[in-house]
Structures are given as structure tokens and as C-alpha cells.
1. With a/c under 1.5 counting as rounded, go ahead and sort the range 70-203 into rounded, prolate or oblate using the C-alpha gyration tensor (a ≥ b ≥ c being the square roots of the eigenvalues; past the cut-off, prolate if a/b is larger than b/c, else oblate).
2. Before rounding to the nearest 500, sum -39500 (n - 2.57) across all DSSP H runs of length at least 4 in the chain and divide by the residue total; then give [θ] at 222 nm in deg cm²/dmol.
3. Please report how far the C-alpha centroid of the range 188-234 lies from that of the range 99-144, rounded to the nearest whole angstrom.
4. With a Förster radius of 45 Å, plug the Cβ-Cβ distance of residue 96 and residue 296 into 1/(1 + (r/R0)^6) and report the FRET value to the nearest 0.05.
5. Taking 0.36 nm per intervening residue step and subtracting the Cα-Cα distance, what contour gain separates residue 75 from residue 289 on full extension?
6. Against the 2.2 N^0.38 Å scaling, with N counting residues, where does the chain land? I'd like the Cα-based Rg ratio to two decimal places.
7. Antiparallel DSSP bridges in the chain: what percent, to the nearest 5?
8. Which net charge results when you count Lys and Arg as +1 and Asp and Glu as -1 among the other residues whose beta-carbon is under 13 Å from that of residue 293?
Amino acid sequence: MPAVLEIEGLRKTYRSRRRGTRNALDGFDMRVEAGEVHGFLGPNGSGKTTTLRTLLGLIRSDGGRMSILGQEVPAALPQVARQVGAIVESPQFFPHFSARDTLSLLASADEVPAQRVDEVLELVGLRDRAGERVKTYSLGMKQRLAVASALLKSPRLLILDEPANGLDPGGIREMRTLVRNLAESGMTVVLSSHILGEIQLICDSVTIISLGRRVAFGPVDEVLAQHSSGGVRVRLEAVMDLPLAANALHGNGYRVTANQDHLMVSGVDKPATITRLLAEQGLYVSELAPVTVDLESVFLELTNTAPVPGQHRQVDHSVRVDGAAPSAPTGGGWGA
Ligand SMILES: Nc1ncnc2c1ncn2[C@@H]1O[C@H](COP(=O)(O)OP(=O)(O)OP(=O)(O)O)[C@@H](O)[C@H]1O
């Protein structure tokens with residue numbers, strides 16, 4: 001069975017007289033199977049929106065191939081468009097229209113039966129405010145309206161760029177349940193989000209993009225397992241013995257990072273060997289805990305965007321190709 005979404009070697013270069021030439025996508029690959037909730041992750045400026053806009057025919061690529069539901073796009077977009085619902089960047093609505101008017105207008109333009117408007121209003125939790133003007137809505141309510149508009153056509157593929165934007169914690173949880181229910185009903189969902197804990201909870205699989213290239217992909221647990229280094233946290237009964245323990249472990253080939261009250265040891269196959277080795281030196285372990293890796297730490301490592309105290313990371317994740325130094329990110333905190 002063909003993938004619902006397939007991208008191979010996608011390239012996109014932006015050329016501007018003022019800002020020079022930048023590779024936003026540099027041979028990017030992505031594959032999403034039917035019925036999955038797929039997380040599309042990457043730092044600011046890494047090429048996510050460029051990918052989604054190219055896929056939806058809003059901008060033209062400079063190379064590579066893409067298909068949706070087995071049909072090559074952009075050529076087949078007129079045929080597949082009815083089966084794709086998307087919110088990419090914040091959609092704009094007429095401020096004086098109500099949510100119901102907005103959706104009714106979109107429904108008639110897309111020849112969607114009128115009763116679907118009430119169904120989607122109910123699904124996104126806007127039923128009780130549906131008659132009020134959009135200009136009176138909060139950010140989260142506008143976001144719900146955007147999701148409702150993407151659901152109108154009952155698409156087979158739903159693409160949501162930052163769907164949790166502006167939602168309160170209850171709204172984020174409702175969005176999670178909605179997305180899971182949609183996937184269970186057979187819809188394939190691609191979500192781009194910076195809320196990695198949410199992605200870890202909601203997604204079956206992920207693609208991580210950095211500098212316009214895929215740096216990790218696959219089922220979430222496999223991506224986590226591939227990047228888990230068998231790390232364990234070691235505490236001793238006597239904190240002052242930590243340097244001795246670090247030396248002993250290091251001398252036996254372990255990678256050790258010393259912290260104030262514990263050691264982090266990586267590359268550990270059998271944690272019991274640590275206890276034995278230290279006990280032989282008269283060092284007694286009070287805690288030996290496996291460290292589980294989460295999507296956030298994998299993301300920070302693969303995209304090289306972990307904050308470094310005292311540094312300000314400059315947010316630019318594309319690569320200049322006009323002779324200027326590549327703007328690959330260095331570690332650091334928030335840049336300007
Ligand atoms: N119209 C444009 N003209 C010139 N450069 C652009 C244009 N659109 C995007 N870029 C550049 O392409 C790179 C990728 O941008 P893109 O919007 O795809 O990133 P993103 O991963 O969606 O980021 P974010 O998480 O911040 O939304 C950035 O360096 C951006 O400045």
C-alpha cells in the first residue's frame with residue numbers, strides 16, 4: 001500500500017537580493033503511513049512550513065518528488081485536494097462573521113453538506129459560541145475554528161501546523177483526544193508542534209528536520225530507543241566519594257559525567273556491574289536508576305539546539321549558499 005504522504009529529496013532555495021540565497025530544504029525526505037498520527041518536528045527556521053507549503057502547492061520546489069495518497073503532487077493536487085485538510089500558519093477569518101457563517105461559507109464553496117458545519121463545531125467544542133463574531137474570539141477559539149475548517153471536508157489526510165497554539169491546558173488535552181479519535185476513525189494526521197511532550201503522547205511516529213534535512217524518523221519508541229545511550233544515574237551513600245567512583249568507572253571504560261550529588265554513566269548494558277565494581281572499591285551505591293530519554297532530549301541533541309549557559313543561540317536553521325558562512329546553529333539559549 002502506498003504511503004499517504006511521501007517526500008523524497010525535496011529542495012527549496014529562497015533567493016533574495018537583500019538576504020542572499022538560502023537553502024531551506026536540502027534533500028528532505030518524509031514518509032507517513034495510513035492511519036498514523038505523525039509528528040513533524042524541527043527548530044525555528046528548519047524548513048517545516050516550507051515543506052508543508054510546498055506540499056500543498058502554495059510554493060514551488062526546486063527539486064525532489066512528493067506524493068499524497070499515492071498521487072504525485074503538485075500535478076495531482078486538483079484530484080487530491082478534496083481529501084486533504086490543512087491549517088498551515090494562522091488562517092485569517094472575516095472578523096465580522098460568526099464561526100457558523102464562516103464554516104457555512106467554506107462548506108458551500110467546497111460542496112460540503114450543511115449539516116457537517118454543526119458536526120465540526122461540536123467536534124472542536126465551539127457549538128455554544130458558534131453564533132458570535134470571530135473578532136470576539138480568544139486565540140484558542142480561533143485555533144479551534146481553524147481546525148473545524150480543516151475538518152469540514154472529512155479529509156483522509158489532515159495537516160495541522162501548531163494546532164495547540166493558544167490553547168489552554170484543557171484545550172490541549174481536548175485537541176489530543178480529538179486527534180486520536182480522528183486517527184481511530186481512519187484519518188491520517190500530520191502535526192507540526194514545538195510542544196514535544198505533547199507530540200510524545202499523541203504521535204505514533206515522527207520526522208525530525210534540521211537544516212532542511214531529515215535527521216530522525218520512525219515510530220516514537222524506536223526513535224527514543226535509538227537515541228537512548230543506556231544511561232544510569234548513580235548516587236553513593238557518601239557523596240564525597242563521588243570523584244573516586246567516577247575514576248573507578250572511567251578506568252573500566254564507562255563514560256561518566258560528574259554532578260554535584262550524583263554521577264551520570266552512559267553505555268551501561270547491565271547496571272548490576274556498576275554496583276559490583278564500586279562495591280569492590282569499598283564504594284556503596286544508594287541509588288542506581290536508569291535514565292529514560294524523552295523526545296525533547298533527543299530533539300535537542302539531534303538538532304544541536306540545547307541551551308548552553310551564557311550563550312545566545314541565533315535562530316536560523318537554513319544554510320546560506322552564496323559564499324557567506326553557513327548559519328548552522330551553535331548551542332545556546334534564546335537568540336534575538
Ligand atoms: N518567503 C521567504 N523568503 C525567504 N526566506 C524564507 C521565506 N520563507 C521562509 N524562509 C526561510 O526559510 C527557512 C525555513 O523557514 P520555515 O518557515 O520553513 O521554517 P519552520 O521550520 O517552519 O520554522 P518555525 O518553527 O519558526 O515556524 C528560514 O531560514 C526562513 O527564514
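Any read-out appearing in this document is the output of simple, stated calculations on the displayed coordinates, not a laboratory observation. In this text the structure is predicted, and so the values were computed from the model without any measurement. With ideal geometry, Cβ positions are generated from the backbone for all residues, glycine too; neighbour counts draw on all protein chains shown.
1. oblate
2. Computed mean residue ellipticity for the chain: -9000 deg cm²/dmol.
3. Taking the Cα centre of each part, the range 188-234 and the range 99-144 sit 33 Å apart.
4. Efficiency at R0 = 45 Å is approximately 0.65.
5. 71.7 nm
6. This ratio for the chain stands at 1.20.
7. 70 percent
8. Surrounding charge for residue 293 is -4.
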